[in-house]
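J.: Let me begin by handing over the structure; questions about it come next.
Read-outs throughout are calculated quantities, based only on the coordinates presented, and are distinct from any laboratory measurement. Predicted model only: the values in this text are computed from it and were never measured. Virtual Cβ from ideal backbone geometry, glycine too; neighbours counted across all protein chains shown.
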Amino acid sequence: MKINNIHHIAIICSDYERSKKFYVEVLGFPIIQETFRDRRNSYKLDLQVGENTQIELFSFPNPPQRPSNPEACGLRHLAFAVDNIEQTVIELQSQGIEVEDIRIDEITGKKFTFFKDPDGLPLEIYEH
């Protein structure tokens, strides 16, 4: 078996319009397609991340809360590669996004930091 790459990451949000604005306007991911699924009373928003990856942003009525911060079993966080972490932090902060202090990865020596989406999902930016 050979897996080529990650095709998409699915995220369920509590406030569709707020999360749509965050991922499209703040993070700048282009919309591929937006679909309202009447039977589920649910939106599905496909967003382009780089050349080969997508985020599927879902809304569902009354989704359960995330069990805890990133140390819960399961998906810990999403990490996005950036060219200039300092500039990216400035851009996020100019949009009112709280960003943790920049740290250095002990293993790779690369810079990284974290911020959260509107539902508290931990997101990382990692300078490559």
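J.: For region 69-128, state what percent of all Cα-Cα pairs lands in each successive 10 Å bin, counting from 0 Å until the bin that includes the largest distance.
T.: 22, 54, 22, 1
J.: Is the shape of region 1-62 best called rounded, prolate or oblate, per the rule: a/c under 1.5 gives rounded, else a/b larger than b/c gives prolate, else oblate, with a ≥ b ≥ c the square roots of the Cα gyration tensor eigenvalues?
T.: Judged from the Cα gyration tensor, region 1-62 comes out oblate (a/c at least 1.5, b/c at or above a/b).
J.: Taking 8 Å as the Cα distance limit and 6 or more residues as the minimum spacing, I'd like the relative contact order of the chain as a percentage.
T.: This gives 22 percent for the chain.
J.: Determine which aspartates and glutamates satisfy two conditions relative to K44: a Cα distance under 14 Å, and not lying fewer than 8 residues away in the same chain.
T.: Leaving aside aspartates and glutamates fewer than 8 places away in the same chain, those within reach of K44 are D15, E17, E34, E56.
J.: Dipole of the chain (Lys/Arg Cβ +1, Asp/Glu Cβ -1, origin at the Cα centre): which of I85, L47, F115 lies farthest to the positive side?
T.: Looking along the dipole axis, the top candidate is L47.
J.: Once you put a point 7 Å from the Cα of R37 and another 7 Å from the Cα of S94, both along the Cβ direction, what distance in nm separates them?
T.: Once both label points are built, they end up 3.7 nm from each other.
J.: [x] 125; [y] 92; [z] 148: which one is volume of the Cα convex hull per residue in Å³ as calculated from this entry?
T.: For volume of the Cα convex hull per residue in Å³, the calculated option is [z].
J.: Does anyone have the angle between helix 85-94 and the longest principal axis of the chain? Alpha-carbon axes, 0 to 90°, nearest 10?
T.: The two axes meet at around 50 degrees.
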